[in-house]
Amino acid sequence: MRALVLRVESFRIEEVALPELQPGEARVRVLAAALNRRDEWIRQGRYARIQYPAILGSDGCGIVEAVGAERDRAWLGQVVIINPSIGWGENPRAQGPAYEILGMPRAGTLAEYVHVPVDRLVEKPPHVTVEEAAALPLAGLTAYRALFTQGQLQPCQKVLITGIGGGVALMALQFAVAAGAQVFVTSGRPEKVERAQALGAIGGVSYRHPEWERLLRELADGEFDLIVDGTGGEAFNALLGLTAPAGTIVVYGATAGAVPSFNLHRLFWRQLRVVGTTMGTDAEFAAMVHFVTEHRLVPVIDSVFPFERVGEAFERLRSDEHMGKVVVRIADG
Ligand SMILES: NC(=O)c1ccc[n+]([C@@H]2O[C@H](COP(=O)([O-])OP(=O)(O)OC[C@H]3O[C@@H](n4cnc5c(N)ncnc54)[C@H](OP(=O)(O)O)[C@@H]3O)[C@@H](O)[C@H]2O)c1
């Protein structure tokens, strides 16, 4: 099969042998895969415990072509999405030591075929296209746990989602709007704030504006009950000030790096909760797919590239010009 293979010295499509299918596994012919920032961090060598060679890709939608055990035959021919969260463990509050994310070290979806445990398969929601379905799993799962489990979002709460051009952020916007929250956003680009408004956000500001914190406070007429942040960096101390007393900040990423001089005084004086989140449990994945289906939510696709142009898809992700998911179409079907 053809797969995008990351080696220490190269990153290109290569012909590789399909491994033997094990009992309990399914072979999925990948129709579309979606990129996540994780793929780019690994490509740059900026991710923990990278193993080479690697086939990246945590998100995919495809057709089940073979199963390793007779008992799983019912899956054959089904169009599925794949839960990339593997081996979470028994404790819903945090993943266990055996936890892994599909797409390094386990071979991922940026290939013509991927082998996954059968219990990672979920039927494609009927109302979305193959590309939209491929865009859903990782960002949808992360956004769902961030908002509803870790953030305990309640209808009518005032929510801020930072960096709205990002895949997780946009999914969080769609979920929060569907749940009845009042949603505000930040972005580096004014046109992305406008797109967010079209998706139901009340408004937003540019985090590049020197007075963005004041502007946001005025726009929202006060502080936020819940902030969902994947950026960290210097702006994080301002987020502590923008959270209502006893409010919550859920952190799922640190694109802008560590927080210099973390403002502990704001944290304790305002009785804040800062909660980390990563991916989610199987129950959260099922609940997320149910929520998406029930509300007929459609993941926002920025662009779709054919497999041969996967390098351009990574460039698009790096550009930060994207709004929504960058998808790679691997096969017709
Ligand atoms: N914990 C987990 O399970 C998990 C899961 C997924 C992702 N992540 C992490 O979360 C982060 C985002 O991932 P993603 O896949 O959604 O990324 P993405 O689609 O590549 O989006 C990143 C976004 O970050 C925003 N951004 C950049 N600098 C910013 C700043 N200074 N302030 C506010 N926003 C800024 C940009 O938004 P604008 O374009 O609007 O400016 C950009 O679109 C990454 O660090 C990733 O590793 C963690």
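Taking only complete DSSP H runs, can you tell me which helices of the chain stretch 15 Å or more along their own long axis by Cα positions and average at least 1.6 on the Kyte-Doolittle scale?
167-178
Could you pull out the chymotrypsin sites (Phe, Trp or Tyr not before Pro) across segment 1-91 that fall in loop regions by DSSP (anything but H, G, I, E, B) with no more than 12 other Cβ atoms inside 10 Å?
Hits after loop and neighbour filter: nothing returned.
Treating only the Cβ of Lys, Arg, Asp and Glu as charged (+1, +1, -1, -1), what charge dipole size does segment 140-276 show about its Cα centre? Round to the nearest 20 debye.
200 debye
As a test of the formula, what do you get for the chain when each DSSP H run with n ≥ 4 contributes -39,500 (n - 2.57) and the sum is divided by the residue count, at 222 nm and rounded to the nearest 500 deg cm²/dmol?
Value at 222 nm, helices only: -7000 deg cm²/dmol.
Quick one: check the C-alpha center-to-center distance for segment 237-263 versus segment 57-115, whole angstrom.
Spelled out, the Cα-based centre of one part sits 33 Å from the other.
Please identify every one of the trypsin sites (Lys or Arg not before Pro) in segment 204-300 that sits in a loop by DSSP and has no more than 14 other beta carbons within 10 Å of its own beta carbon.
Filter output for segment 204-300: Arg208, Arg296.
Between Glu123 and Leu267, what is the label-to-label distance in nm when each label sits 7 Å out along the Cα-to-Cβ direction?
4.6 nm
In µm²/s, what is D for segment 140-276 at 37 °C and 0.692 mPa s, where D = kT/(6 pi eta Rh) by Stokes-Einstein and Rh is the Kirkwood radius from Cα pairs?
228 µm²/s
Select from Arg189, Arg120, Arg46 the residue whose mean-square fluctuation is largest in a Gaussian network model of the chain (Cα-Cα springs shorter than 10 Å).
Arg46
Of the chain, which part is the longest with no GluC sites (Glu not before Pro) in a loop (DSSP not H, G, I, E, B) and with at most 12 other C-beta atoms within 10 angstrom?
212-333
Can you tell me which aspartates and glutamates have their Cα less than 13 Å from the Cα of Lys192? Leave out same-chain residues fewer than eight positions away.
The reachable aspartates and glutamates, counting only those whose Cα sits under 13 Å from Lys192, are Asp302, Asp320, Glu321.
FYI, it's all coordinate maths here, none of it is from the lab. Since the structure is predicted, the reported quantities are computational estimates derived from the model, not experimental observations. Because the Cβ atoms are built from the backbone with ideal geometry, glycine has one as well, and the counts that use them run over all protein chains shown.
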